[in-house]
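For reference, the structure discussed in these notes is given below.
The values are calculated or read from the model by the stated rules, or taken from the named source; none is laboratory data. Only a predicted model underlies this, so the values are computations on that prediction, with no experimental measurement involved. Here the Cβ positions follow ideal geometry from the backbone for every residue, glycine too, while neighbour counts run over all protein chains shown.
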């Protein structure tokens, strides 16, 4: 029996420990017997399923994390979201619109074929052209032309200065040019899932387990694991139970309420790291009358209160971020003043974590013409962000204490994700992973004036608009000098948060749990990558 043709039922039992190693084929029995020992099997518990192994079909965190095991990118985003060499070992900016990338000569696909500039061009074109509901085109749209120079050099021309091209290229995984016409089904079956990455696809059981083997010809450092099983366990309790019972070696998204249980067991450990994801509240500042801000009679107010800066300021001051971090997040968060912690590129040193001042909040409401407050519904998801339903409930209580009688309404992410972008809500919980390592990405997506054709304000559900912020942002997006660009972004950040374009709440702290002896380098993007798992 070929390794890639093992029956689905047997594989799930074998990889997850339900079948004796003696029943396994020879190539896997040693790995099962060793467990996570030397050159053994690493078993990872994933909190969310990927939807495809096609690296260019649908851009979301679970898909991109899984694809990173099999497919490399020209540029690698490291744990701190910095651009580092990947399949391109070096690069230089020739002028404002031309980049030169020298490709690794030692990079090979898992079938032995060398990686070439033609493969890079085919991959970037496929990512740009493949129809998708979550397209990678946002990362390729600035590319005007590509050409090959010599045997190992790729030239990319952009249609204007693009200071974020390196970060964009880190999102596009490289495939072999000969598979550019392959269907998504062929990638999911493994027929076209041939990459240059650290691991090789052995078996894909959608929604259950992905089994990978070490790519012995990988150009990077040799992995300590000969086999990796990525097991999808969406239920928090079941995922933790699998770790504690010995069926898994490391799990992601440890619930905050389970941290004490892990810390109390000397055989296990919690691994924590501040992520780049910021949780925030957005407002409807577009409509003259907003549906979920009402008077005592339940009828919408005659004017949208969120168009008044004083109301937005009042709500900002009504939130005790210390209480949110300590009680709601149980310490697994850091209070936020802007998109990234102060000191990061593109942040303003003039922005501090907003004070908790309910008295001032009530005074601002009175100045705005709402001395008796009003009624409000705060919407949010209940299965997307860490403690999202609890956050909505806690914020609703804080708003109520300043005289705005607030009802919390949460719903599954599948529903919320379709309703919120349509601007259905008056005030809403959201979050953003700032995976570019600087602030132009969230400013462009969340705070820029909505312009679909220009790709601005794509996630600006409340339709906030500020002409001065737009001017600075547009200038920054065309500025190649990092210091000058970051100064512009810092000023744009100051404008956005002093104007309370959104209410920043906290930066999520990502928590993994693992058995003792396992190490993991936490990542800003919250990805769980087997390449970052080691031994102590």
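Residues that are touching a residue at least 24 places away in the same chain (Cβ under 8 Å) and either buried (at least 22 other Cβ atoms within 10 Å of the Cβ) or touching a helix residue (DSSP H, G or I) at 6+ places or on another chain (Cβ under 7 Å) (or both) within the range 461-475 comprise 461, 462, 464, 466, 468, 469, 473, listed in sequence order. If you go through the range 429-454 and pick out every residue that is touching a helix residue (DSSP H, G or I) at 6+ places or on another chain (Cβ under 7 Å), in contact (Cβ under 8 Å) with a residue 24 or more places away in the chain and surrounded by fewer than 19 Cβ atoms within 10 Å (Cβ to Cβ), you end up with 1.
Take residue 80 and decide whether it is under 26 Å from residue 431 (Cβ atoms) and surrounded by fewer than 23 Cβ atoms within 10 Å (Cβ to Cβ). So residue 80 passes the test. Before we move on, is residue 48 assigned by TED's automatic domain parsing to the domain that holds residue 182, modelled with pLDDT of 70 or more and touching a helix residue (DSSP H, G or I) at 6+ places or on another chain (Cβ under 9 Å)? Answer is yes for this residue. Can you name every residue in the range 237-255 that is out of contact with any helix residue (DSSP H, G or I) (no Cβ under 9 Å at 6 or more places or on another chain) and within 21 Å of residue 332 (Cα to Cα)? Once the filter is applied, which keeps residues that are out of contact with any helix residue (DSSP H, G or I) (no Cβ under 9 Å at 6 or more places or on another chain) and within 21 Å of residue 332 (Cα to Cα), the range 237-255 yields 238, 239, 241. Residue count for the range 380-405, restricted to those that are crowded, with 21+ Cβ neighbours inside 10 Å and farther than 21 Å from residue 327 by Cβ: 0. Set side by side, the residues 79, 127 differ, and just one is in contact with a strand residue (DSSP E or B) (Cβ under 9 Å, 6 or more places away or on another chain), under 27 Å from residue 345 (Cβ atoms) and assigned to a loop (DSSP other than H, G, I, E, B), which is 79. The set of residues in the range 254-284 that are surrounded by fewer than 21 Cβ atoms within 10 Å (Cβ to Cβ), assigned to a loop (DSSP other than H, G, I, E, B) and either within 26 Å of the chain's Cα centre (by Cα) or touching a residue at least 60 places away in the same chain (Cβ under 8 Å) (or both) comprises 255, 266, 267.
Scoring residue 58 on the criteria (1) farther than 27 Å from residue 344 by Cβ; (2) modelled with pLDDT of 95 or more leaves a single failure, condition (2). Among the numbered conditions (1) in contact with a strand residue (DSSP E or B) (Cβ under 8 Å, 6 or more places away or on another chain); (2) part of a loop (DSSP other than H, G, I, E, B), the only one that residue 478 does not meet is (1). Restricting attention to the range 397-424 and to residues that are touching a helix residue (DSSP H, G or I) at 6+ places or on another chain (Cβ under 7 Å) and in contact (Cβ under 8 Å) with a residue 40 or more places away in the chain, the residue that is nearest to residue 384 (Cα to Cα) turns out to be 399. For residue 210, the conditions (1) under 27 Å from residue 102 (Cα atoms); (2) touching a residue at least 40 places away in the same chain (Cβ under 8 Å); (3) not in a loop (DSSP other than H, G, I, E, B) are fulfilled apart from (1). Report the residue count in the range 138-165 for those that are under 19 Å from residue 482 (Cα atoms) and either touching a strand residue (DSSP E or B) at 6+ places or on another chain (Cβ under 7 Å) or in a strand (DSSP E or B) (or both). Qualifying residue count for the region: 3. Restricting 354, 345 to those that are touching a residue at least 60 places away in the same chain (Cβ under 8 Å), within 19 Å of residue 283 (Cα to Cα), crowded, with 16+ Cβ neighbours inside 10 Å and in the same structural domain as residue 390 (by TED's automatic domain parsing) reduces the list to 354.
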